[in-house]
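Heads up, the thing below is written out as structure tokens.
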């Protein structure tokens with residue numbers, strides 16, 4: 001039985017740290033209520049063991065976490081045309097699969113991590129995303145994260161949070177830390 005009667009579209013965007021963390025906080029809440037959660041992490045390497053991937057294994061059957069097998073360099077990928085072309089193809093296929101999942105209603109909460117950045121970089125077709133949003137089952141809450149939400153996405157969403165930063169450990173030379181950033 002669905003947890004929500006009416007699912008909304010939430011967007012977490014901006015240059016600050018915490019967009020994915022906020023989305024996983026919602027996932028944790030939904031899991032606590034007995035809901036089913038699907039997460040797809042776009043652009044994040046499939047071969048890196050992250051805390052969220054380890055966590056997902058503990059909720060097998062209730063939480064599904066997927067990543068693309070398509071390699072992507074978060075720093076330079078957008079400048080590498082063969083990488084961009086390959087990622088566009090992989091994303092189109094994955095979004096088609098996810099659209100079917102949203103229609104099935106099998107999940108209560110679906111988190112599409114870094115999809116906003118994919119849209120910003122024109123790696124995904126905006127119309128394909130609109131179809132996903134508009135044809136999902138009524139009870140499915142959809143959460144999109146990533147930098148660069150544009151005005152059409154902001155208007156389509158029910159909730160938009162812009163995460164900003166004033167100070168960051170990277171400025172002090174502190175790199176990503178296990179259990180905090182990954």
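How long are the semi-axes of the equivalent ellipsoid of the chain, taking √(5λ) for every eigenvalue λ of the Cα gyration tensor, in whole Å from largest down? Write out the running numbers ahead of the final one.
Values: eigenvalues 114, 80, 57 Å².
The equivalent ellipsoid of the chain has semi-axes of 24, 20, 17 Å.
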Completion exercise
When the chain is treated as a Gaussian network with springs between alpha carbons less than 10 Å apart, the largest mean-square fluctuation among 161, 99, 13 is found at 161
Handout entry: Taking region 1-98 and dividing mean pair separation by its residue count, relative contact order in percent (alpha carbons under 8 Å, at least six apart)
Key = 22
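Hey, fewest Cβ within 10 Å first, where do 170, 42 land in order? Kindly include the intermediate steps, with their values, before the conclusion.
On the way: 170 12, 42 28.
Neighbour counts put them in this order, fewest first: 170, 42.
Using helices alone, what [θ] at 222 nm do you get for the chain, with -39,500 (n - 2.57) per DSSP H run of 4 or more residues, divided over all residues and rounded to the nearest 500?
Details: 6 runs with 67 residues, N = 182.
The helix-only estimate for the chain comes to -11000 deg cm²/dmol at 222 nm.
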Handout entry: Within a Gaussian network of the chain (alpha carbon springs, distance under 10 Å), most fluctuating of 169, 45, 152
Key = 169
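Using only the Cα atoms of region 49-127, build the gyration tensor, take square roots of its eigenvalues as a ≥ b ≥ c, and label the shape rounded, prolate or oblate: rounded if a/c is under 1.5, else prolate if a/b is larger than b/c, else oblate.
Details: a/c = 2.49, a/b = 1.45, b/c = 1.72.
Because a/c hits 1.5 or more and a/b fails to exceed b/c, region 49-127 counts as oblate.
To the nearest 0.05, how large is the calculated FRET efficiency for residue 97 and residue 29 if R₀ is 30 Å and r is the Cβ-Cβ distance? Please list the in-between numbers first.
Numbers: r = 25 Å, r/R0 = 0.84.
Here the calculated transfer efficiency is 0.75.
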Completion exercise
Final fewest-first order of 110, 1, 30 on the 10 Å Cβ neighbour count is 1, 30, 110
Fill in the blank from the handout: Ordered by fewest other Cβ atoms within 10 Å, a rough proxy for footprinting exposure, 104, 60 read 60, 104
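For residue 131 and residue 6 in the same chain, what is the full-extension length gain: residue separation times 0.36 nm, less their Cα-Cα distance, in nm?
On the way: separation 125, 0.36 × 125 = 45.00 nm, distance 1.75 nm.
So the extension gain works out to 43.2 nm.
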Handout entry: Label point at residue 69 placed 7 Å out along Cα→Cβ; residues across region 89-112 whose backbone nitrogen lies under 20 Å
Key = 89-101
Exercise for the section: Please build a GNM for the chain, connecting alpha carbons under 10 Å apart, and tell me which residue among 160, 116, 11 fluctuates the most. Expected result: 160
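Shape of region 90-182 from its Cα gyration tensor (a ≥ b ≥ c, root eigenvalues): rounded if a/c is under 1.5, otherwise prolate when a/b > b/c, or oblate? The partial results should precede the final answer.
On the way: a/c = 2.03, a/b = 1.82, b/c = 1.12.
Judged from the Cα gyration tensor, region 90-182 comes out prolate (a/c at least 1.5, a/b above b/c).
Relative contact order for region 9-163: what percent, with Cα pairs under 8 Å and sequence separation of 6 or more?
39
Each reported figure results from applying straightforward, stated rules to the coordinates on display, with no laboratory input. In this text the structure is predicted, and so the values were computed from the model without any measurement. Note: ideal-geometry Cβ built from the backbone for every residue, glycine included; neighbour counts use all protein chains shown.
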